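J.: Before I ask anything, let me first share the structure, which is written out below as structure tokens.
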Amino acid sequence: MGESAAAKWLMQEAVDHLTEDNVGVYELLWLLRGSEFVLNEAAAKQLARQTAASLISTGAASLVQLRWPTNEIVSTDVPDDRLYDDTVFEPGQAGLYLALTSTEPA
């Protein structure tokens, strides 16, 4: 299976998750790791970032900062370039992590 199939699959997974709740950027990577697609770590991280960036650029989602384990929104003023920070797939200080939230009305 090619990367385009993985990209389509991950996008649909992300959209489906966003209809239910926020989705951590790290979750996109976890979804790929648990899928049938065989991607090395660098390719999986790139695809997770591209998927998040695409959802943001189309206006379907925005980037927020959440706190683990409560998943409360700590900040909605998160620059999109934070997707390219090396730590985007790891929780930060005090359990803070980046997530996508739907911009669609509930």
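J.: Using Cα springs under 10 Å in a Gaussian network model of the chain, which residue among R49, R82, R67 shows the largest mean-square fluctuation?
T.: R82
J.: Could you give me the ³J(HN,Hα) list for segment 86-95, computed from phi with Karplus coefficients 6.51, -1.76, 1.60 and θ = phi - 60°, whole Hz, x at Gly and Pro?
T.: So the Karplus estimates, Gly and Pro as x, are 4, 9, 4, 9, 10, x, x, 3, 6, x Hz.
J.: When the chain is fully extended, how far beyond the present Cα-Cα distance does D81 get from T58, taking 0.36 nm per residue of separation? Working shown, then result.
T.: Values: separation 23, 0.36 × 23 = 8.28 nm, distance 1.54 nm.
Gain on extension, D81 to T58, equals 6.7 nm.
J.: Same structure again: Please get the size of the charge dipole for the chain, origin at its Cα centre, with Cβ charges of +1 on Lys and Arg and -1 on Asp and Glu, quoted in debye to the nearest 20. Write out the running numbers ahead of the final one.
T.: On the way: 6 positive and 16 negative charges, 25 e Å.
Rounded to the nearest 20 debye, it is 120 debye.
J.: Probe radius 1.4 Å, ligands and nucleic acids ignored: give me the carbon and sulfur share of the accessible area of the chain as a rounded percent.
T.: Values: 3160 of 6260 Å².
Roughly 50 percent, rounded to a whole number.
J.: Could you tell me the relative contact order of the chain? Use alpha-carbon pairs under 8 Å, at least six residues apart, and round to a whole percent. All intermediate terms of the calculation are to be shown ahead of the outcome.
T.: On the way: 132 pairs, mean separation 34.5, N = 106.
Here the relative contact order equals 33 percent.
J.: Select from segment 8-72 those GluC sites (Glu not before Pro) which occupy a DSSP coil region and have at most 13 other Cβ atoms within 10 Å, ordered by residue number.
T.: Numbers: sites: E13, E20, E27, E36, E41, E72; in loops: E36.
Filter output for segment 8-72: E36.
J.: In Å², and per residue, what accessible area does the chain have when probed at 1.4 Å with the other protein chains present?
T.: Working: 6260 Å² over 106 residues.
Per-residue value: 59 Å².
J.: Can you give the direction-averaged projected area of the convex hull of the alpha-carbon atoms in segment 1-98, in nm²?
T.: Working: hull surface 24.5 nm².
With the hull built on Cα positions only, its mean projection is 6.1 nm².
The values are calculated or read from the model by the stated rules, or taken from the named source; none is laboratory data. Quantities reported herein were computed from a predicted structural model and do not represent experimental measurements. Glycine gets a Cβ as well: all are built from the backbone with ideal geometry, and neighbour counts include every protein chain shown. These accessible areas exclude ligands, DNA and RNA; they are computed on the full protein's heavy atoms, side chains included. Shrake-Rupley method; radii C 1.70, N 1.55, O 1.52, S 1.80 Å.
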